Amino acid sequence: MRKQLLWVMLFLAGSTFLSARSIPDRKETLKTLVKVNDYFMKKYADYTRPSYVTKFRPSNIWTRAVYYEGLIALHTIYPRADYYDYAYNWAEFHKWGLRGGNTTRNADDHCCGQVYIELYKICPEPYKIKNISTTMDMLVNTPQVDDWTWIDAIQMGMPVFAQLGKVKGEQRYYDKMWQMYSCSRNEIGGTGLFNAKEGLWWRDARFVKPYKEPNGKDCFWSRGNGWVYAALTRVLNEIPVNEPHRSDYIADFLAMSKALKACQRSDGFWNVSLHDESNFGGKETSGTTLFIYGMAWGIRNGLLDKKEYLPVVLKAWDAVVKESVHPNGFLGYVQGSGKEPKDSQPVTYTGIPDFEDYGVGCFLLAGTEVYKLD
């Protein structure tokens, strides 16, 4: 009996040791993050230069804003002066404004506000959030709630409400955020874009049933679901514990976590089509890193069981670092802009997506959360 007990104790001790050893060394994680970010900052040193993909777009569009979300996250664990300057000078160049001005209802234009608010938190000066506050106040003060007709918009716009609610201490931002989220979840497309049974989201009304993937299953696009997962993560990180709808956001976060865990590829990545590996199946970095970001945050904040979800996170992060990150810091296997699995194909190790910025941003968000794991 004593021998059996001893073996059990040794096994448990060994399992704990292996689990601890499996968490990446923080120095190595940081080294990888810095390498990827330095590659991007060097290549896109001129933050004033507009992006050109079929047409010129100013650099405060959503793609670049997502990058800066990641950069600000990196800055919280490694506050290099040039990181802050790169973000601050970008915001200054755009006069802390939105692409469509203060009357735009397009969430793609609102995304930059997430960065402005984070910079405001570092050094609170009212002019930094004047424009984004004015724009979001317009949304609060008008009756429409159906602006987020595509799920990418949930990540671009929803966290701004949560940030302003926290910064200003005003419930009205949380209330409007819930109304708009609830509309996307339960009403857009007739029955809503969230498939509660599957725990995943249709990208927009075009993909709601009876639309099917080639294998007959529902079409759940990886990065689209990643946007929602990241939005819930960012919102839960901001709103108070007694916010009336916090439990609703947590319920959706948990449902998505369970669904995402179930469809992870054996190599650690997720396919661009979450339920149909035959539809442009293969490694994809942007969706994968958004899932890492949310799950790692969920583990750290006690929402996800560490024993169950840590292996999922570590497997995914290890795969991305080993198979997506080039020696010079370029990030491979990033699907370019689009709305479904077939867009911007093929997705390859050496292929350069039409926009490089958001993929790097997603990677930095994921890596900073992995860095914080213990």
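With the checklist (1) without any contact (Cβ under 8 Å) to a residue 24 or more places away in the chain; (2) under 26 Å from THR348 (Cβ atoms); (3) of a type in the set (Lys, Arg) in hand, flag the one item LYS283 doesn't pass.
Result: LYS283 passes all but (1).
Taking the conditions exactly as written (among the β-branched types (Val, Ile, Thr) and either at pLDDT below 95 or in contact with a Lys or Arg (Cβ under 6 Å, 6 or more places away or on another chain) (or both)), does ILE299 satisfy them or not? Explain how you work it out, then say what you get.
Details: among the β-branched types (Val, Ile, Thr): yes; either at pLDDT below 95 or in contact with a Lys or Arg (Cβ under 6 Å, 6 or more places away or on another chain) (or both): yes.
The answer is yes for ILE299.
Kindly indicate which of LYS283, LYS315 is open to solvent by 20 Å² or more (accessible area, probe 1.4 Å) and assigned to a loop (DSSP other than H, G, I, E, B).
On the way: LYS315 fails: assigned to a loop (DSSP other than H, G, I, E, B).
One residue alone meets the criteria, LYS283.
Is there a residue being touching a strand residue (DSSP E or B) at 6+ places or on another chain (Cβ under 8 Å), free of Cβ contacts under 8 Å to residues at least 60 places away in the same chain and surrounded by 19 or more Cβ atoms within 10 Å (Cβ to Cβ) anywhere in region 55-62?
yes
Return only the number of the condition from (1) of a type outside the set (A, V, I, L, M); (2) in contact (Cβ under 8 Å) with a residue 12 or more places away in the chain; (3) not in a helix (DSSP H, G or I) that SER266 does not satisfy.
Only one criterion in (1) of a type outside the set (A, V, I, L, M); (2) in contact (Cβ under 8 Å) with a residue 12 or more places away in the chain; (3) not in a helix (DSSP H, G or I) is unmet by SER266, namely (2).
Tell me, yes or no, whether region 194-203 has at least one residue that is modelled with pLDDT of 95 or more and surrounded by fewer than 16 Cβ atoms within 10 Å (Cβ to Cβ).
Within region 194-203, one or more residues are modelled with pLDDT of 95 or more and surrounded by fewer than 16 Cβ atoms within 10 Å (Cβ to Cβ).
Working carefully through the options LEU254, LEU303, find the one that is over 19 Å from GLU356 (Cβ atoms) and part of a helix (DSSP H, G or I).
Within the list LEU254, LEU303, the selection yields LEU254.
Looking at (1) farther than 28 Å from SER278 by Cα; (2) part of a helix (DSSP H, G or I); (3) open to solvent by 50 Å² or more (accessible area, probe 1.4 Å), which is the only condition ARG206 fails?
The single condition ARG206 does not satisfy is (1).
Output the residue which, of all residues in region 100-134 that are among the charged types (D, E, K, R) and in a helix (DSSP H, G or I), is most open to solvent (accessible area, probe 1.4 Å).
Step by step, filter region 100-134, then rank; the result is LYS130.
If we scan region 321-343, do we find a residue that is touching a residue at least 60 places away in the same chain (Cβ under 8 Å), at negative phi and in a helix (DSSP H, G or I)?
Checking region 321-343: at least one residue is touching a residue at least 60 places away in the same chain (Cβ under 8 Å), at negative phi and in a helix (DSSP H, G or I).
State all residues of region 75-117 that are in contact with a Ser or Thr (Cβ under 7 Å, 6 or more places away or on another chain), within 23 Å of ILE154 (Cα to Cα) and touching a residue at least 40 places away in the same chain (Cβ under 8 Å); if no residue qualifies, say none.
If the condition is that a residue be in contact with a Ser or Thr (Cβ under 7 Å, 6 or more places away or on another chain), within 23 Å of ILE154 (Cα to Cα) and touching a residue at least 40 places away in the same chain (Cβ under 8 Å), then HIS110 is the only one that fits.
Here are the criteria: (1) in a loop (DSSP other than H, G, I, E, B); (2) crowded, with 18+ Cβ neighbours inside 10 Å. Tell me which single one THR233 does not satisfy.
(1)
Checking LYS166 against (1) surrounded by 23 or more Cβ atoms within 10 Å (Cβ to Cβ); (2) within 20 Å of TYR249 (Cα to Cα): exactly one of these is not met. Which one?
Unmet condition: (1).
For residues in region 135-151 being open to solvent by less than 10 Å² (accessible area, probe 1.4 Å) and under 18 Å from the mean Cα position of the chain (by Cα), which is nearest to SER337 (Cα to Cα)?
Start the filter on region 135-151 by keeping residues that are open to solvent by less than 10 Å² (accessible area, probe 1.4 Å), which leaves 135-136, 139, 148, 151.
So of that shortlist, the ones also under 18 Å from the mean Cα position of the chain (by Cα) come out as 148, 151.
Details: TRP148: 18, ILE151: 14 Å.
That would be ILE151.
The values are calculated or read from the model by the stated rules, or taken from the named source; none is laboratory data. Nothing here was measured: the structure is a model prediction, and the numbers come from that model. Ideal geometry is used to build each Cβ from the backbone, glycine not excepted, and the neighbour counts take in all protein chains shown. These accessible areas exclude ligands, DNA and RNA; they are computed on the full protein's heavy atoms, side chains included. Shrake-Rupley method; radii C 1.70, N 1.55, O 1.52, S 1.80 Å.
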